[in-house]
Amino acid sequence: CVSSSRFHKQYILQGRLGKGSFSEVHLARRIPHGNVVAVKVVDMRYSTSDEIDRRTKRAVNKEVAILRHVCGTAPFMSPEMLGMEWYGTKTDLWSLGVIAHVLLFGFFPYRPWENSAEAMKAAIRLGRPKPSFEPAARPDPNSPRATPAALEFLRAMLSRDQVARPSAAAALRLDWVSPPAAAQRQSA
């Protein structure tokens, strides 16, 4: 189960298995899991390498911010997007961190007092209330807890500083996603 889970996380971060392309991601056919819904995410070519940023007339690569508009669903928007700053592909890693947080804890990392999109955007933009990285309630003291590796992954993906946030390639090397070194040596 652990190796299967690691495969799923790696597959999602890599895009299509073996190609590493983020232009299209097809999950349903390759991830055999009852809770995974068929999804096709299409990148509209905003974040491809070697695009020319018309505003500054310079070549940009995958690590350079190239967009500056707000789009998407409020809980998944990154602080840089909501702050109207330039952003690039690392904003997608923020969204992945939100998804992982919901899967591990059952709720969004930012939970404003008012249940509205505007309140959610304000909470993310201001960074308050801060994520606790703990479940809301733990009725059974023996219920599972997030592992230190999972918490490291979440904290990295949900870094408010997009420069400090890892790229997808760096995220693949985090312990929660990558197989342990011993398992890699055994499979070699």
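A few comments on the model shown:
- Leu158 being modelled with pLDDT of 90 or more and in contact with a helix residue (DSSP H, G or I) (Cβ under 7 Å, 6 or more places away or on another chain): yes
- Scan of region 39-76 for residues that are modelled with pLDDT under 85, surrounded by 18 or more Cβ atoms within 10 Å (Cβ to Cβ) and not in a loop (DSSP other than H, G, I, E, B), ordered by number: Val60
- Residue within region 109-129 that is more than 20 Å from the chain's Cα centre (by Cα), within 20 Å of Pro75 (Cα to Cα) and crowded, with 17+ Cβ neighbours inside 10 Å present: yes
- Some residue of region 106-122 being over 16 Å from Asp175 (Cα atoms), touching a residue at least 24 places away in the same chain (Cβ under 8 Å) and among the basic types (Lys, Arg): yes
The values are calculated or read from the model by the stated rules, or taken from the named source; none is laboratory data. None of these values were measured; they are calculated from a predicted model. In this analysis, Cβ positions are derived from the backbone assuming ideal geometry, glycine residues included, and neighbour counts consider all displayed protein chains.
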